[in-house]
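Report on one structure; see the data block that follows.
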């Protein structure tokens with residue numbers, strides 16, 4: 001097999017971060033980049049995927065499984081054996097962020113959605 005060199009321009013900060021990352025893992029930058037490239041080429045992902053989060057309670061372990069069910073019915077496991085405290089903390093963080101968003105968009109009714117400002121102003125495209 002014949003090998004060739006490829007290159008990419010990165011900022012000095014990015015190069016420093018890359019070198020530090022590789023040093024921590026005791027690998028060369030070439031090895032890291034080659035592995036990342038191979039992984040992407042072997043399993044390319046479409047740019048846009050749709051699906052829904054699914055949280056499943058496991059009574060036996062008193063914990064949860066977090067997965068994503070894609071629209072094509074493929075299932076991607078995000079995490080198994082998720083502690084109740086983690087799920088509760090995540091729920092609280094999401095609720096807080098959504099409340100802040102509702103305040104920002106002046107949403108007062110559960111069934112309402114944000115309206116683009118162009119529509120409110122009567123602007124036509």
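None of the figures in this text is laboratory data; all of them are computed from the coordinates on show. Only a predicted model underlies this, so the values are computations on that prediction, with no experimental measurement involved. Note that we place each Cβ from the backbone using ideal geometry, even for glycine, and neighbour counts take in every protein chain shown.
Structural descriptor for the chain: relative contact order 11 percent, calculated from alpha carbon pairs under 8 angstrom and at least 6 residues apart. PRE reach from residue 84 (point 7 Å along Cα→Cβ): which of the range 34-76 fall under 19 Å by backbone N? Within reach of a label on residue 84: 55-66. Seen through its C-alpha gyration tensor, with square-root eigenvalues sorted a ≥ b ≥ c, the range 51-125 comes out oblate because a/c lies at 1.5 or above while a/b is not bigger than b/c.
Extension gain for residue 105-residue 25 works out to 24.4 nm (0.36 nm per residue, less the C-alpha to C-alpha distance). Legend: calculated FRET efficiency, residue 38 to residue 10, from the Cβ-Cβ distance at R0 = 22 Å, rounded to 0.05, equals 0.65.
In the chain, the calculated helix contribution to ellipticity at 222 nm averages -14000 deg cm²/dmol per residue, counting -39,500 (n - 2.57) for every DSSP H run with n ≥ 4.
Just checking the listed ones, 103, 85, 17: in the Gaussian network model of the chain with Cα springs under 10 Å, the one fluctuating most is 17.
Please work out whether the range 13-52 counts as rounded, prolate or oblate from its C-alpha gyration tensor, where a ≥ b ≥ c are the square roots of the eigenvalues and a/c under 1.5 means rounded, while otherwise a/b larger than b/c means prolate and anything else oblate?
Prolate.
For the pair residue 58 and residue 97, a Förster radius of 22 Å applied to the C-beta separation gives a FRET efficiency near 0.25, rounded to the nearest 0.05.
For the chain, set up a GNM with springs between Cα atoms under 10 Å and report which of 33, 98, 90 has the largest fluctuation. Comparing 33, 98, 90 in the GNM, the peak value goes to 33. In terms of other Cβ atoms within 10 Å, 68, 56 run from fewest to most in the order 56, 68. Considering only 20, 59, 93, the mean-square fluctuation computed in a Gaussian network model of the chain, springs between alpha carbons under 10 angstrom, is largest for 20.
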